[in-house]
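Colleague: Pasting a structure below so you can have a look.
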Amino acid sequence: MVHSFDYKPSDSFGNTYHFLLSSDKNALQKQFKDTLSKYKNPLLVVDSKLPKSYTEIVKEICSLKILNILYLDPSKKDLERIKKIWTEMVSSVPDILISMGGGTIGDLTGFAAATYQRGTPRIYFPTTILSMIDASIGGKTGFDFVDVKNVIGTVHYPLYVINYLPFLNSLSKKEYRSGFAEIIKAAVLYDKKFFEELESYIKKGDIFDFDNQRLQEIFLTSSKLKAKICEVENNKKISLLYGHAVGHALEKVSTLRIRHGEGVAIGMTVEGAIACRLGVWSEDEWKRQTNLIRLLKLPCLLPEKVDIKSLAHKMTYYKKLISKESYLFSIPKGFGVINNFDTSCMTEIRREEMISTLTNIKSWVKENV
């Protein structure tokens, strides 16, 4: 069975983009028999850490003869790796770019495709939960520059996002679990019923059984919610950044090795606690969110060795969530309801209050988790 949805972004010049998800390789292959036959010279960019057998699976699913393959180290999302893709594209002159890997590979190849010959079509095979339900949606591409995440980028939608779930076998259990942070975020912000369904499944179901139709539907629903919000006006789209003000800053603390999903999990716990202390969100719902994070064995607490003053400074690097006078947060008002959604979607904390706020919240979270 193939789960799918199509969407037509407002700035897509009439194009429709396709999202497919399945654990059945043959079912996916049937979707592409002759679909991509007009492309004669594809370039495949692959995460070099993935099993080589995955490359053959991509060829089978696409029903394409792929001669040009570039294996790319995903340890950094930087300009040097963009240059490697550009160099290969100039050499092989592809008519379509296909990428396979996590969010880093998707962002790098997406940016290269957007800028090569003023735009080259692309197909994306995500291989992590985060890249399937989050990074692959919305057409955002880019790379990190001068120590700021995703600061250089553009929007370039893939023709297809093809989620072949057995590719998730390449993940460690920690990496697999970390992807659920963005699913929890989508449920908390946009859909109370979905949160309850997610809560029920994680308490009773096997999160590693990706042949399970119910789990596949959870992935699909989360992806649909992200796609829907990606196509609203910018001041509503920024609501997606719940947990990211703190989460992105934690990723930039040099003494930590923290995954994006782990940073977002801690970020949601801290920023959700800020919502509680401001009287915006109920402690009961915050605790339900936190319990779900803990059931997934994701971190909740700010690491003890993180200096609050340094963390507050690194939060200023994320320019979408800072103003001249204030730090900005997207926070819940209730499951499925965002505070100030009718205006800016943002809740402000004055710059001079941020260090004391984080210090107090760190203690409060520790007492209440």
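Colleague: Could you look through the stretch 286-341, keep only residues that are at pLDDT below 95, within 22 Å of residue 359 (Cβ to Cβ) and among the basic types (Lys, Arg), and pick out the one that is surrounded by the fewest Cβ atoms within 10 Å (Cβ to Cβ)?
Modeller: Taking the candidates together, the pick is 305.
Colleague: Could you run through the stretch 273-325 and say how many residues are of a type in the set (Gly, Ala, Ser) and under 30 Å from residue 145 (Cα atoms)?
Modeller: Total meeting the criteria: 3.
Colleague: May I ask you to list the residues in the stretch 113-133 that are under 19 Å from residue 264 (Cβ atoms) and out of contact with any Leu (no Cβ under 9 Å at 6 or more places or on another chain)?
Modeller: Within the stretch 113-133, 126, 130, 131 meet the criteria.
Colleague: What are the residues in the stretch 308-367 that are part of a strand (DSSP E or B) and farther than 24 Å from residue 152 by Cβ, if any?
Modeller: 326, 329, 332, 333, 334, 337, 338, 347, 348, 349, 350, listed by residue number.
Colleague: Residues that are in contact (Cβ under 8 Å) with a residue 60 or more places away in the chain, among the charged types (D, E, K, R) and within 23 Å of residue 155 (Cα to Cα): list the strands (runs of 3 or more DSSP E) wholly contained in the stretch 1-114 that include at least 3 such residues.
Modeller: Correct list: empty, since no element meets the threshold.
Colleague: Next up: Using the structure shown, decide if residue 125 is assigned by TED's automatic domain parsing to the domain that holds residue 60, outside any helix (DSSP H, G or I) and surrounded by fewer than 24 Cβ atoms within 10 Å (Cβ to Cβ).
Modeller: So residue 125 fails the test.
Colleague: Might you check whether a residue that is under 17 Å from the mean Cα position of the chain (by Cα) and outside any helix (DSSP H, G or I) occurs anywhere in the stretch 235-243? Spell out how you get there, then give the answer.
Modeller: Initially, the stretch 235-243 is screened for residues under 17 Å from the mean Cα position of the chain (by Cα), giving 237-243.
Narrowing further to those that are outside any helix (DSSP H, G or I): 242-243.
Yes.
Colleague: Let me ask something else about it. Somewhere in the stretch 108-121, is a residue under 20 Å from residue 5 (Cα atoms) and either surrounded by fewer than 23 Cβ atoms within 10 Å (Cβ to Cβ) or out of contact with any Pro (no Cβ under 8 Å at 6 or more places or on another chain) (or both)? Show your work before the answer.
Modeller: Step one: list which residues in the stretch 108-121 are under 20 Å from residue 5 (Cα atoms), which gives 121.
From what is left, the residues that are either surrounded by fewer than 23 Cβ atoms within 10 Å (Cβ to Cβ) or out of contact with any Pro (no Cβ under 8 Å at 6 or more places or on another chain) (or both) are 121.
Yes, there is a match, as at least one residue in the stretch 108-121 is under 20 Å from residue 5 (Cα atoms) and either surrounded by fewer than 23 Cβ atoms within 10 Å (Cβ to Cβ) or out of contact with any Pro (no Cβ under 8 Å at 6 or more places or on another chain) (or both).
Colleague: Filter the stretch 251-274 for residues that are aliphatic (A, V, I, L, M) and either surrounded by fewer than 23 Cβ atoms within 10 Å (Cβ to Cβ) or part of a loop (DSSP other than H, G, I, E, B) (or both) and give the result. Explain how you work it out, then say what you get.
Modeller: Initially, the stretch 251-274 is screened for residues aliphatic (A, V, I, L, M), giving 253, 256, 258, 264-266, 268, 270, 273-274.
Scanning the stretch 251-274 gives 253, 256, 258.
Colleague: Select, from 272, 243, the only residue that is on the phi > 0 side of the Ramachandran plot, in contact (Cβ under 8 Å) with a residue 60 or more places away in the chain and not charged (D, E, K, R).
Modeller: 243
Colleague: Within the stretch 186-234, which residues are closer than 25 Å to residue 7 by Cβ, modelled with pLDDT under 90 and acidic (Asp, Glu)?
Modeller: 231, 233
Colleague: Take the residues of the stretch 28-63 that are touching a Leu at 6+ places or on another chain (Cβ under 9 Å) and small (Gly, Ala, Ser): which is surrounded by the fewest Cβ atoms within 10 Å (Cβ to Cβ)?
Modeller: So, considering only residues that are touching a Leu at 6+ places or on another chain (Cβ under 9 Å) and small (Gly, Ala, Ser), the one surrounded by the fewest Cβ atoms within 10 Å (Cβ to Cβ) is 37.
This table checks each residue for (1) closer than 24 Å to residue 27 by Cα; (2) in a helix (DSSP H, G or I); (3) of a type in the set (Asp, Glu); (4) outside the structural domain of residue 317 (by TED's automatic domain parsing).
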position: 138; (1), (2), (3), (4): no, no, no, yes
position: 143; (1), (2), (3), (4): no, no, no, yes
position: 157; (1), (2), (3), (4): yes, no, no, yes
position: 162; (1), (2), (3), (4): yes, no, no, yes
position: 193; (1), (2), (3), (4): no, yes, no, no
position: 203; (1), (2), (3), (4): no, yes, no, no
position: 206; (1), (2), (3), (4): yes, no, yes, no
position: 211; (1), (2), (3), (4): yes, no, yes, no
position: 219; (1), (2), (3), (4): yes, yes, no, no
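Colleague: Going by the structure shown, is residue 75 more than 26 Å from residue 8 (Cα to Cα) and within 19 Å of the chain's Cα centre (by Cα)?
Modeller: yes
Colleague: Take the stretch 219-234 and flag every residue that is among the β-branched types (Val, Ile, Thr) and either under 12 Å from the mean Cα position of the chain (by Cα) or within 13 Å of residue 191 (Cβ to Cβ) (or both).
Modeller: Within the stretch 219-234, 221, 229 qualify.
Colleague: Which pairs turn up if I take residues in the stretch 117-136 that are free of Cβ contacts under 8 Å to residues at least 60 places away in the same chain and under 27 Å from residue 40 (Cα atoms) and look for partners that are in a loop (DSSP other than H, G, I, E, B) and among the polar types (S, T, N, Q) with beta carbon separation below 8 Å, at least 6 apart in sequence or on another chain?
Modeller: Close Cβ pairs (under 8 Å, with a partner that is in a loop (DSSP other than H, G, I, E, B) and among the polar types (S, T, N, Q)) amount to 124/136; 126/136.
Colleague: Separate question: Inspect the stretch 314-333 for any residue being within 24 Å of residue 201 (Cβ to Cβ), within 22 Å of the chain's Cα centre (by Cα) and assigned by TED's automatic domain parsing to the domain that holds residue 273 and give the result as yes or no.
Modeller: The answer is yes; a qualifying residue exists.
The values are calculated or read from the model by the stated rules, or taken from the named source; none is laboratory data. Predicted model only: the values in this text are computed from it and were never measured. Don't worry about glycine lacking a Cβ; one is built from the backbone with ideal geometry, like all the others, and counts go over all protein chains shown.
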